[in-house]
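*Asks:* Just dropping this structure here.
Laboratory data are not the source of any read-out in this text; all were calculated from the coordinates shown. The model shown is predicted, which means the values in this text are computed figures rather than measured ones. Ideal geometry is used to build each Cβ from the backbone, glycine not excepted, and the neighbour counts take in all protein chains shown.
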Amino acid sequence: MSKLKSNIPGIDIRGVKGRETFYLNKMIEGKTYCASAKRPLSDYPNVTAWRKSNEEWYYAWRKSLRNALEYGYRPTRVFSEAYKQYLSTARGSSVKQQTELKAAFERLSGVFLATPLKNINDSHAQWIEFKADLKIKGRKNRTINSYVELTQRILNFCEHYQDEYGLTWLDRAPRLERLKQQDEREPRVLAWERQSALLQALPAYLANPILFSLHTGLREQEVLSIRWDELQTDTRLGTYMIRKRLKNHKKFPILLNRTASSILDSLRNTFSEYVFLAPTGKPLKRLNITTWRKVVSDQKLELRIHDLRHTFAHRLRVAEVPFEDIQVLMGHATKTMTQHYAQADLLHLLECVRKIEKVTESITLRSLV
């Protein structure tokens, strides 16, 4: 317990020896306010300087409280405060999403860290320099826009989030301009004649989910997160799934043609909750690993994992599957998308995915399993 005392009512001195700071615990007009000065004794040359700094913090806090309660003036908030509050209240964010948010903020911290929220706009000198630096490093406009969108989300959050005074952190969030994404890489499509060579060159633990992606159009994490208990069977439909899309959380059907079903049948002797496993026996976390990139490079293919999804859609179009059915099979959110599918609808969709099977794939499958 610290022997230091405060002469201000409602102010305690808390912290381990050498790290003491002022802590506010005060009732004003029937409401209790709690806050820490975060100005430890170890940051000052002597107790007098430390006490003066903490008292200045308290009187500044009282002034901002009076301005807020009597005149409706918002306290000055900086970007780092807004980000922390945004992250703490973000609902439904997975550990991965939280990690990605923190990584993105680390890059933004050099731009807006101590910048007052009201000063953030497209004319901010460091913001302009930050985007220009990303362009120099060869980043696509889509990547730059991801930072713009994160910053915009935080500002929008501040427009609605109310502080302890009942005031929003921003009166109105500025609208940050996004770059036109005309430099986007064109999606690639894997040709049938190149597919067999690619699959043969991959180890089975990668070839199986890759081929499964080509016949279902699922995104990387949607494939790798499939569990055995999700699979349903029907005498007419065979094996199928009704899942929530990771991106829009809408339910959509996953119908499996003979190729996709054969892959699952070949893996049913595994003793794991998940379908696709790494050589270690643990769930496979990523497809875009060194082995995949090396095989693609060796075969001189300009192909990314997401291009497997483009290939699925392309093959459906070539097979003259109606656009509306392609949207359902791709899991795209549409006004006509339903949460419940009759068996007749599922049978129709099954016929659609069967149109992209190839007889020659039976040779490939036998060599994979």
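*Asks:* Can you give the angle from 0 to 90° between the axis of helix 307-318 and the longest principal axis of the chain, with both taken from C-alpha atoms, to the nearest 10?
*Replies:* Taking the Cα atoms of the chain, the angle to 307-318 is about 50 degrees.
*Asks:* Give the cross-link partners of LYS3 among the aspartates and glutamates, using a straight C-alpha distance below 12 Å as the criterion and excluding same-chain residues fewer than 8 apart.
*Replies:* ASP12, GLU20
*Asks:* Taking neighbour counts of Cβ atoms within 10 Å as a proxy for exposure, in what order, fewest first, do GLU20, GLU351 appear?
*Replies:* GLU351, GLU20
*Asks:* Let me ask something else. Could you size up the charge dipole of the chain around its Cα centre, putting +1 on the beta carbon of Lys and Arg and -1 on that of Asp and Glu, and report it in debye to the nearest 20?
*Replies:* Roughly 860 debye, rounded to the nearest 20.
*Asks:* Oh, and also: Order by neighbour count: ILE305, ILE210, fewest other Cβ atoms within 10 Å first, most last.
*Replies:* Lowest count first: ILE305, ILE210.
*Asks:* Taking springs between alpha-carbon atoms closer than 10 angstrom, which of GLU220, GLU29, GLU320 fluctuates most in the Gaussian network model of the chain?
*Replies:* Of GLU220, GLU29, GLU320, the Gaussian network model singles out GLU29 as fluctuating most.
*Asks:* Please report the Cα spread of the stretch 79-160 along all three principal axes, rounded to whole Å, starting with the longest.
*Replies:* In descending order, the Cα extents are 35, 28, 17 Å.
*Asks:* Let me ask something additional. Going by alpha carbons, how many degrees (0 to 90, nearest 10) lie between the helix axis of 95-112 and the longest principal axis of the chain?
*Replies:* The angle comes out near 50 degrees.
*Asks:* In addition: Using helices alone, I'd like the mean residue ellipticity at 222 nm for the chain: each DSSP H run of four-plus residues gives -39500 (n - 2.57), total over residue count, nearest 500.
*Replies:* -14000 deg cm²/dmol
*Asks:* If the convex hull of the alpha-carbon atoms of the stretch 11-71 is projected onto planes in all directions, what is the mean projected area in square nanometres?
*Replies:* Computing the convex hull of the Cα atoms and averaging its projections yields 4.2 nm².
*Asks:* If you rank CYS352, CYS158, CYS34 by fewest surrounding Cβ atoms within 10 Å, what's the result?
*Replies:* Taking fewest neighbouring Cβ atoms as first place, the list is CYS34, CYS352, CYS158.
*Asks:* Give the dimensionless ratio obtained when the Cα radius of gyration of the chain is divided by 2.2 N^0.38 Å.
*Replies:* With N residues counted in the chain, Rg over 2.2 N^0.38 Å equals 1.37.
*Asks:* Mind jotting down the three principal axis lengths of the stretch 83-222 based on Cα atoms? Whole angstrom, largest first.
*Replies:* Here the spans come out as 63, 34, 21 Å, largest first.
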